[in-house]
1. Just need the relative contact order of the chain here, percent rounded to a whole number, with Cα pairs under 8 Å and 6+ apart.
2. Counting other C-beta atoms within 10 Å, and keeping those with at most 12, which DSSP coil chymotrypsin sites (Phe, Trp or Tyr not before Pro) do you find in the chain?
3. What are the residues whose amide H is under 5 Å from the amide H of residue 65, where those residues sit 5 or more places off or on another chain and H is modelled from the backbone?
4. Can you show me the helix-derived [θ] at 222 nm for the chain, built from DSSP H runs with n ≥ 4 at -39,500 (n - 2.57) apiece and divided by the number of residues, rounded to the nearest 500.
5. Where nothing but the Cβ of Lys and Arg (+1) and of Asp and Glu (-1) is charged, how large is the charge dipole of segment 6-89 around its Cα centre, in debye to the nearest 20?
6. Once mean projected area of the Cα convex hull in nm² is worked out from the coordinates, which option in (1) 9.2; (2) 6.7; (3) 4.5 does it equal?
7. So which trypsin sites (Lys or Arg not before Pro) in segment 20-60 are both in a DSSP loop and have at most 10 other Cβ atoms within 10 Å of their Cβ?
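Just so it is clear, none of the values below were taken in a lab; they were calculated from the coordinates. The model shown is predicted, which means the values in this text are computed figures rather than measured ones. Every residue, glycine among them, receives a Cβ derived from its backbone with ideal geometry; neighbour counts consider all protein chains shown.
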Amino acid sequence: MLQGGMTQRKVADTVGTSQSVISRAWNRFRRSGGVSRKHGGGRQRVATPNQDRYLTLHACRNRFMLAVSLQNELQDATGVRVSTHTVWR
């Protein structure tokens, strides 16, 4: 659409989004040839999928157990220390 001569504002109205979204996508397209986002940002997970299942199973069996208690149980069982935020998830 932009290559066809439409303005960013008209493209935004047609697609149903803001002009700034179109502007960012257009700049990304011109730089890299595509509009897909980069993946892999953020901090790496400490807990493995098996450890996540362990936490989920124990949380279901002991519904009123505190997150700190679950955290300590996982550490005792696997030797991996995770944050209470990870346990809350």
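1. Computed over the chain, the figure is 16 percent.
2. Here the chymotrypsin sites (Phe, Trp or Tyr not before Pro) that fit, given the DSSP loop and packing criteria, are 64.
3. Sorted by chain and number, the residues that satisfy this come to none at all.
4. -17500 deg cm²/dmol
5. 560
6. Of the labelled values, this structure produces (1).
7. Taking segment 20-60 and a limit of 10 other Cβ atoms within 10 Å, the loop trypsin sites (Lys or Arg not before Pro) found are 37, 38, 43.
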